[in-house]
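The values are calculated or read from the model by the stated rules, or taken from the named source; none is laboratory data. Everything numeric here is computed off the predicted structure, so don't read it as measured data. Positions of Cβ are generated from backbone atoms using ideal geometry, with glycine treated the same way; all protein chains shown enter the neighbour counts. When the accessible area is computed, the model is the full protein with side chains, heavy atoms only, and any ligands, DNA or RNA have been set aside. Shrake-Rupley method; radii C 1.70, N 1.55, O 1.52, S 1.80 Å.
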Amino acid sequence: MGTGPQPEPIRFFGTTWVGRDGGYGLRRAGVAVGSLAAAVAGCLVLRLGYQGLEIAAVGGFVNMLVIVMFAICSAVAFRKTWESFTRRPTGTATQDALRSLKAIGFVGALLAYFFRSLAEAPGEKLRREEYETARSQYEKRRGKRTGNPAARKGKGRQGQA
């Protein structure tokens, strides 16, 4: 690896997102297909659970409550997962509080992965911006330090004597 800032790896992609090489396109297709397949499988499992509630005859209110709960949790999980692709989380207390809610709404999180992977690696835009900013700052700092400052004449202590 060269000097300077290094790119942050992305899950399933490593650092192939930088140059979009090393099977980047295949990985993106794999993430899209995998997340969609996992979301469909999750929906089937939720359907089996709902059928279990129907068999148990728990009542219409409980059935409605379960549907509304999973819908809200999935929507929140989708939104929070989508936001995590474009900006870093601000507070850890908020993220910890939403962890169980995102686990219940896992279908929403999987769908966010699916839709984002159609355009880019999930989180690529955020990491690319951070990486390019770090590279430009590094290059700017290196440009200021060219040459040996002790070899400069006419300034500093030599010019005063």
Exercise for the section: At 7 Å along the Cα-to-beta-carbon direction for both Arg88 and Arg142, put a label point, then send me their distance in nm to one decimal. Expected result: 2.3
Practice task
Label the stretch 1-82 by shape, choosing from rounded, prolate and oblate, from the square roots a ≥ b ≥ c of the eigenvalues of the Cα gyration tensor; if a/c is under 1.5 it is rounded, and otherwise prolate applies when a/b is larger than b/c, oblate when it is not.
Solution key: prolate
Problem - Sulfur and carbon atoms: percent of accessible area, the chain [1.4 Å] - result: 62
Exercise for the section: Over the stretch 6-124, average the accessible area per residue using a 1.4 Å probe and give it in Å², no decimals. Expected result: 59
Problem - Candidate residues Trp17, Trp82: accessible-area rank, largest first, probe 1.4 Å - result: Trp82, Trp17
Practice task
Choose one answer from Tyr138, Tyr113, Tyr24: the residue with the largest mean-square fluctuation in a GNM of the chain with alpha-carbon springs under 10 Å.
Solution key: Tyr138
Fill in the blank from the handout: For P(r) over Cα pairs in 10 Å bins from 0, in percent, with candidates [x] 11, 43, 36, 10, 1; [y] 11, 44, 38, 6, 0; [z] 9, 25, 24, 16, 10, 7, 5, 2, 1, 0, the value calculated from the shown model is option [z]
Handout entry: Long-range lysine pairs (8 or more apart or interchain), the chain, Cα under 28 Å
Key = 8
Handout entry: Longest exposed-site-free window of the chain, the sites being trypsin sites (Lys or Arg not before Pro) in a DSSP loop that have at most 16 other C-beta atoms within 10 Å
Key = 21-86
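At a threshold of 8 angstrom on Cα-Cα distance, excluding pairs fewer than six apart, so keeping six or more, what relative contact order does the chain reach in percent?
33
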